[in-house]
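What follows is a short report on a single structure.
Please treat every number below as a calculation from the coordinates, not as lab data. Here the structure is a predicted model, which means the values were calculated and not measured.
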Amino acid sequence: MKNAIVTGGSSGIGHAICLALADAGYRVVASGRDEARLEALAQGRPDILPLAADLAAGEEACEALVRAAMQRLDGLDLLVNNAGIYVRADAGSTRGEDWRRTMAVNLDAAFYLSRACLPHLRKTRGAIVNIASDWGLKAGRRAAAYCASKGGLVLLTRAMALDHAAEGIRINAVCPGDVDTPMLVKEAVKDGLSHNEALARYGADSPSGRVTRPEEVAALVCYLAAPEAAQITGTAIPIDGGNTA
Ligand code: NAP
């Protein structure tokens, strides 16, 4: 049985990734802050192990998460850095605390967790998949901190892929456009849109005419983790219906 750690497993894309990996035969440590939602995810799924942690708490908290996960797993084949937050603001109106929190969750935690997982991934010639964003490849309006964090995550992906390819560790980023998750719904409310109105409005902005489903992102993660993707490393793959084309 293969073993994975997934951050942000309590909601949206991370939730779908945990289920898809478990269905593909992984034992999955699912992390997040919301213990009740993690427990609900793991209900009736002995292959999903909930582990609550606040990734904004810094280096030691991230290292403690990996130590606790490794007490539950008998090796590590995959780390998915999926947890993320989005603060809607241009640079002029981004508060310092929102900038720091965005960097802490979206970028710093991915670095600390990846670094702590490297010794384990060396043993299995495992993989890391970072959930970045199409806004890590091109900018979006009123998202200065978010774009900076996701752009940083894309280049962290590429830099680490170069450094660790010879050890057999593959590191890739997935760059979704709009995905139908609670994060998208939260933004829709700010735009005065219902869930269905948001799917229609944001979908119409995409060349494909619709937003992406969390399960589609999860399937791409599963592919990148699989032996069939052995020659894929250092990439940042858009899954956005053509937005970045
Ligand atoms: P979501 O439904 O809001 O889920 C975000 C996840 O991140 C939750 O599980 C949340 O856990 C976790 N998280 C946030 N802050 C955390 C913290 N301090 N410590 C630990 N966990 C924390 O969002 P989503 O749409 O699934 O997003 C998942 C990833 O995809 C993010 O990196 C996001 O930037 C990226 N993405 C999303 C979209 C989109 O349109 N939805 C597009 C491009 C990229 P708790 O709730 O338990 O705290």
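Observations, loosely collected:
- Close amide H partners of residue 33, meaning residues 5 or more places away or on another chain with modelled amide H under 5 Å apart, are 53.
- With both residues required to sit in the chain, DSSP beta bridges show an antiparallel share near 0%.
- Helix-derived mean residue ellipticity, 222 nm - over the chain, DSSP H n ≥ 4, -39500 (n - 2.57), to 500: -14000 deg cm²/dmol
- Relative contact order, whole percent, for the chain stands at 20, derived from Cα pairs under 8 Å and 6 or more residues apart.
- Gyration tensor verdict on the range 1-77 (Cα atoms; rounded if a/c is under 1.5, prolate if a/b is larger than b/c, oblate otherwise): oblate
- The chain, Cα convex hull volume normalised per residue, Å³: 120 Å³
- In degrees, nearest ten, helix 195-204 long axis to first principal axis of the chain (Cα): 80 degrees
- Taking 29 Å as the straight-line reach from the Cα of residue 138, the lysines in range (excluding those fewer than 8 positions away in the same chain) are 150, 186, 190.
- Cα centroid of the range 116-155 to Cα centroid of the range 204-224, whole Å: 17 Å
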